[in-house]
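Below is one structure, written out as structure tokens; comments come after it.
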Amino acid sequence: MSGRRLLPIAPWRLLGGASAALPILMYHRVLDSLDPLQDEVHTTQVLERQFATLSRWFKVLPLDEAVEMLREGRLPARAVCLTFDDGYRDNHDLALPLLQRHGLSATFYVTSGLLNGGVMFHDLIAETVRHAPSGRLDIGVAGVPVVEVSDLASRIRAVAALTPKVKYLDVPQRMACTERMMQALGSRAPRHLMMDDAHVSAMSRAGMGIGGHTVNHQILAKLSDEEAAHEIEQNRQDLASLIDKPLTSFAYPNGKPVVDYNERTIRHVKASGYTHAVSTTWGISTGESQPHELPRFVLNESTPFAIVKRLLRMSVYPA
Ligand SMILES: [Zn+2]
């Protein structure tokens with residue numbers, strides 16, 4: 001099988017109603033221009049064009065409302081939801097004003113342990129590789145490959161080689177890795193990539209949804225039951241203290257079923273009171289989707305025709 005579902009979702013399901021389909025879009029960082037050492041970036045220019053098309057031709061709904069409508073068979077035609085993962089400061093500084101200009105709302109999944117000066121490990125890798133002198137780059141932690149860096153192409157290859165290895169290290173090794181990279185970067189260590197508490201409160205006051213994304217962005221499937229439960233529940237409490245409404249939505253770090261989260265993880269998420277959760281499984285949600293494993297996808301297109309075509313295509317071949 002090619003990975004496509006045997007039973008495609010018909011395009012007319014985008015028209016809403018009892019058997020509707022709901023595209024949930026997934027974003028991470030937002031920058032004014034692309035950075036060759038980072039993927040998962042949308043530029044403000046692309047975001048502006050996407051939001052203009054979505055606000056004109058689609059109905060962008062808050063995720064918790066849309067999930068309820070989907071379950072009750074009353075999702076309106078051409079509904080779409082927007083989600084941003086991790087809690088980047090650029091989400092507040094650049095995405096929020098664009099959303100407000102177009103009258104749209106989105107859900108922001110926040111890693112609470114990284115608020116106020118923390119850094120995601122893959123951003124640390126990008127900065128380490130960017131600033132490393134030409135030659136061998138050895139982070140000095142078992143399981144992390146030694147890479148050669150010189151020109152931009154080699155640095156792009158180095159980031160691609162290091163990131164997946166560091167991502168799946170055991171927690172102590174990953175922390176050792178983080179420490180080594182922070183030391184190597186010294187004053188160049190990125191300290192302002194993630195939001196502060198005040199940004200989260202401001203986003204919530206601006207009508208945006210805030211969702212759980214664990215304390216430390218660990219791969220939940222790799223943790224013990226107690227550790228996973230703590231990552232989920234402590235994060236919920238941390239975020240609840242910053243906003244004045246209950247948290248209903250959770251996003252699994254990294255988000256792939258089995259490798260990144262499993263049935264036990266889902267039980268913990270439910271036990272923390274989350275009514276739904278999103279994964280990074282590529283697809284469109286339907287009334288038959290498990291509410292704690294809603295699929296998402298990344299929209300890179302920026303012209304109205306390409307966006308509409310893509311959403312239609314996703315509704316036929318969701319995987
Ligand atoms: Zn994440």
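The values are calculated or read from the model by the stated rules, or taken from the named source; none is laboratory data. Source: prediction; values computed, not measured. Neighbour counts run over all protein chains shown; Cβ positions are idealised from the backbone, glycine included.
Computed quantities for the displayed model
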| read-out | value |
| --- | --- |
| Among (1) away from the ligand (no atom under 16 Å from the Cβ); (2) in contact with a strand residue (DSSP E or B) (Cβ under 6 Å, 6 or more places away or on another chain) - the single one Ile139 does not satisfy | (2) |
| Positions within segment 272-319 being loosely packed, with under 15 Cβ neighbours inside 10 Å, in contact with a Leu (Cβ under 9 Å, 6 or more places away or on another chain) and modelled with pLDDT of 90 or more, in sequence order | Gly273, Val298 |
| Boolean, Leu299 is of a type in the set (A, V, I, L, M), within 21 Å of Arg313 (Cα to Cα) and touching a helix residue (DSSP H, G or I) at 6+ places or on another chain (Cβ under 9 Å) | yes |
| In segment 147-179, residue farthest from Lys256 (Cα to Cα) [restricted to those that are outside any helix (DSSP H, G or I) and out of contact with any strand residue (DSSP E or B) (no Cβ under 9 Å at 6 or more places or on another chain)] | Asp151 |
| Filter pass, Val60 being β-branched (Val, Ile, Thr) and either buried (at least 20 other Cβ atoms within 10 Å of the Cβ) or closer than 27 Å to His292 by Cβ (or both) | yes |
| Some residue of segment 216-227 being of a type in the set (A, V, I, L, M, F, W, C), under 23 Å from Pro62 (Cα atoms) and more than 19 Å from the chain's Cα centre (by Cα) | no |
| Single residue of Thr111, Thr128, Thr107 found to be surrounded by 21 or more Cβ atoms within 10 Å (Cβ to Cβ), touching a Cys at 6+ places or on another chain (Cβ under 8 Å) and not hydrophobic (A, V, I, L, M, F, W, C) | Thr107 |
| Filtered residues of segment 255-266 (kept if within 16 Å of Asn235 (Cα to Cα) and either surrounded by fewer than 15 Cβ atoms within 10 Å (Cβ to Cβ) or of a type outside the set (A, V, I, L, M) (or both)) | Thr265 |
| Members of segment 235-282 that are of a type in the set (D, E, K, R) and part of a loop (DSSP other than H, G, I, E, B) | Asp244, Lys245, Lys256, Asp260 |
| Criterion: under 18 Å from Pro62 (Cα atoms), within 17 Å of the chain's Cα centre (by Cα) and of a type in the set (S, T, N, Q) - qualifying residue of Thr111, Thr107, Thr163 | Thr107 |
| Residue check for Ser249: polar (S, T, N, Q), surrounded by fewer than 21 Cβ atoms within 10 Å (Cβ to Cβ), modelled with pLDDT of 95 or more and touching a Leu at 6+ places or on another chain (Cβ under 6 Å) | no |
| Options Leu61, Leu37, Leu47: the member that is more than 30 Å from His131 (Cα to Cα) and touching a residue at least 12 places away in the same chain (Cβ under 8 Å) | Leu61 |
| Qualifying residue in segment 155-172 (condition: of a type in the set (D, E, K, R) and in the same structural domain as Ile243 (by TED's automatic domain parsing)) | no |
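Results for (1) closer than 24 Å to Thr281 by Cβ; (2) within 16 Å of the ligand (Cβ to nearest atom), shown as yes or no for each residue.
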{"position": "Val67", "(1), (2)": "yes, no"}
{"position": "Thr83", "(1), (2)": "yes, yes"}
{"position": "Gly87", "(1), (2)": "yes, yes"}
{"position": "Leu99", "(1), (2)": "no, no"}
{"position": "His102", "(1), (2)": "no, no"}
{"position": "Ser105", "(1), (2)": "yes, no"}
{"position": "Gly113", "(1), (2)": "no, yes"}
